[in-house]
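Readers should treat all values here as calculations from the given coordinates under stated rules, not as data from a laboratory. Just so it is clear, the structure is predicted and the values come from calculations on it, not from any experiment. Ideal geometry is used to build each Cβ from the backbone, glycine not excepted, and the neighbour counts take in all protein chains shown.
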Amino acid sequence: MEEFDYLMSISERLEAGKWVVAVGRRIVAQGDDPKKVFDRARKRCPGRELFIMKVPDNANMLL
């Protein structure tokens, strides 16, 4: 999964607790409310497959 690998490679730059939507190697939306973040990403990238995840805090991140 390209998006997951990309987000893990930049994880130190992501804000813990935020929702992030990626398309390929590009973050298209992020924020606190998953529905709003997903809807914003869907408007920016219609017809594209979106990858959404909540950025874990460092204590909960397992690799």
Its Cα gyration tensor gives the chain an equivalent ellipsoid whose semi-axes in whole Å, largest first, are 20, 13, 8
Once both label points are put 7 Å beyond Cα along the C-beta direction, the LYS43-SER9 separation in nm becomes 3.0 nm
Debye, to nearest 20: dipole size of the chain, +1 on Lys, Arg Cβ, -1 on Asp, Glu Cβ: 400 debye
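Over the stretch 2-54, what is the relative contact order in percent, taking alpha-carbon pairs closer than 8 angstrom and at least six residues apart? List each step's numbers first, then the result.
Values: 70 pairs, mean separation 19.3, N = 53.
For the stretch 2-54, the relative contact order is 36 percent.
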So what J values fall out for the stretch 19-34 if you push phi through Karplus, 6.51 cos²θ - 1.76 cosθ + 1.60 with θ = phi - 60°, rounded to Hz, Gly and Pro as x? 8, 10, 10, 10, 10, x, 9, 9, 7, 9, 6, 7, x, 8, 9, x
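For the chain, what is the mean residue ellipticity at 222 nm derived from helices alone (per DSSP H run of n ≥ 4: -39500 (n - 2.57); sum divided by total residues; nearest 500 deg cm²/dmol)?
Details: 2 runs with 19 residues, N = 63.
That calculation yields -8500 deg cm²/dmol at 222 nm.
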Dipole of the chain [Lys/Arg +1, Asp/Glu -1 at C-beta], most positive-end residue of PRO56, ALA29, GLY17: ALA29
Between LYS18 and residues 5 or more places away or on another chain, which pairs have amide H atoms under 5 Å apart, with H built 1.01 Å from N, and which residues are they? VAL55
